[in-house]
Amino acid sequence: MSKRILVADDDAHIRDVIGFALEKAGMQVWQAEDGRRALEAFRADPCDLIVLDINMPEFDGLEVCREIRKHSDVPILFLSSRDDEIDRILGLEIGGDDYVTKPFSPRELVARVNVILRRAQTLPKVVAPESLLRHGRLSVLPSQHKVLWDGIAVGLTATEFAILQLLIRHPARVFSRDRIMQSAYDNNVYVSDRTIDSHIRHIRQKLGEAGCRAAIETVHGVGYQLAGCE
């Protein structure tokens, strides 16, 4: 079944360019011209991924993301005409999975969408005992795409889940940002170190809200390592 993508941007030409590229890649696309209509469209008919412009009338993309994250972990790819680090980090910290700056290559955008969708795909719900990954009070169930802290469910985006899964599979190892990037994204998709830092910060925040005071340690000059999780 083809993936269903909602494209929200106030520029009709950009919506058409993205829609054409995604449909050519075998996906179904529908469009929204502002933030309010994007929310209405998603609530009426949930999709597999949202391509979301940050600067839109009615509600901007960040507001739309915050509202959607109250009820859904649907993957979100942000678009912006500004290469502004504050916007980029804020977008990722409130729950975005990736970020593309205009002007962009439609081929690159489709590649990033495919990467996010692959990360979001879940395996069959039957869980074999060996599929449970545990470290202290932290548990990860890869086949169910679930994270638990001391029995409390923690909602992560697909990219955040991929990063945490890498760390918990090798709890004694320190991973560089490049290695984390390779695990969370395809090798042909480049993201900056700050993007990885933002994902780590967001994972820490979500686990912290569940009661985990120290989930991921920063090893200065090297990268990141799973903490004791006790």
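Numerical summary
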item: Residues that are more than 24 Å from Arg177 (Cα to Cα) and within 17 Å of the chain's Cα centre (by Cα), drawn from the stretch 135-162; result: Gln144
item: Residue that is modelled with the lowest pLDDT, among those in the stretch 188-229 that are of a type in the set (Ser, Thr, Tyr) and open to solvent by 40 Å² or more (accessible area, probe 1.4 Å); result: Tyr190
item: Given (1) at pLDDT below 90; (2) in contact with a helix residue (DSSP H, G or I) (Cβ under 6 Å, 6 or more places away or on another chain); (3) of a type outside the set (S, T, N, Q); (4) part of a helix (DSSP H, G or I), index of the condition Ile86 fails; result: (2)
item: Residue match in the stretch 46-56 (condition: surrounded by 15 or more Cβ atoms within 10 Å (Cβ to Cβ), in contact (Cβ under 8 Å) with a residue 24 or more places away in the chain, among the polar types (S, T, N, Q) and in a loop (DSSP other than H, G, I, E, B)); result: yes
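The rows are residues; the columns are (1) within 26 Å of Arg201 (Cα to Cα); (2) touching a His at 6+ places or on another chain (Cβ under 9 Å); (3) charged (D, E, K, R); (4) modelled with pLDDT of 90 or more.
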{"position": "Gln31", "(1), (2), (3), (4)": "no, no, no, yes"}
{"position": "Ala41", "(1), (2), (3), (4)": "no, no, no, yes"}
{"position": "Ala44", "(1), (2), (3), (4)": "no, no, no, no"}
{"position": "Ile94", "(1), (2), (3), (4)": "yes, yes, no, no"}
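The values are calculated or read from the model by the stated rules, or taken from the named source; none is laboratory data. No experiment lies behind these values; they were computed from the predicted model shown. Positions of Cβ are generated from backbone atoms using ideal geometry, with glycine treated the same way; all protein chains shown enter the neighbour counts. Calculation scope for accessible area: heavy atoms of the full protein, side chains included, ligands and nucleic acids excluded. Shrake-Rupley method; radii C 1.70, N 1.55, O 1.52, S 1.80 Å.
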